[in-house]
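*Asks:* Mind looking over this structure? Questions follow.
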Amino acid sequence: MHLLLRTLPHIFLLSRRRRRIGFWEPSSMAMRVLPTDLDLAMHVNNGMYFSLMDLGRLGHLARSGMWGTMRRKGWSPVAGAETIAYRKSLKLGQRYS
């Protein structure tokens, strides 16, 4: 639920101000670790990383103009497979992209 509060302003409002990109171009989002992103060990856990990557995918769809096309056609974005390699922990307040 807390990611919904992050999704609306961070993706759908801010993406309109950012440069339009092509669907196949790479994109990134600058974010900061919030208290709701942390687990009991006080770092971002593996499940939250995948949820945050979902926000990046939505941002990419919004900036490329594909989000509107998908909604008109009744399509939903689905990640078929994901692989991640953890380099280091993210702590409270840390910036990342």
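The values are calculated or read from the model by the stated rules, or taken from the named source; none is laboratory data. Every value quoted in this text rests on a predicted model; they were computed, and no experiment measured them. Quick reminder, even Gly has a Cβ in these numbers, built from the backbone with ideal geometry, and neighbours come from all protein chains shown.
*Asks:* Just checking, how many residues over the stretch 6-40 are outside any loop (DSSP other than H, G, I, E, B) and at pLDDT 85 or above?
*Replies:* Selection size over the stretch 6-40: 6.
*Asks:* Also: Considering only residues that are over 15 Å from HIS60 (Cβ atoms) and either touching a residue at least 24 places away in the same chain (Cβ under 8 Å) or in contact with a Lys or Arg (Cβ under 6 Å, 6 or more places away or on another chain) (or both), which ones fall in the stretch 70-84?
*Replies:* Answer for the stretch 70-84, where residues must be over 15 Å from HIS60 (Cβ atoms) and either touching a residue at least 24 places away in the same chain (Cβ under 8 Å) or in contact with a Lys or Arg (Cβ under 6 Å, 6 or more places away or on another chain) (or both): just ILE84.
*Asks:* Restricting to the stretch 41-86, what's the tally of residues that are farther than 21 Å from ILE21 by Cβ and either in a helix (DSSP H, G or I) or touching a Cys at 6+ places or on another chain (Cβ under 7 Å) (or both)?
*Replies:* Total satisfying the criteria: 6.
*Asks:* Quick one: would you say SER89 is among the hydroxyl-bearing types (Ser, Thr, Tyr), assigned to a loop (DSSP other than H, G, I, E, B) and touching a residue at least 24 places away in the same chain (Cβ under 8 Å)?
*Replies:* yes
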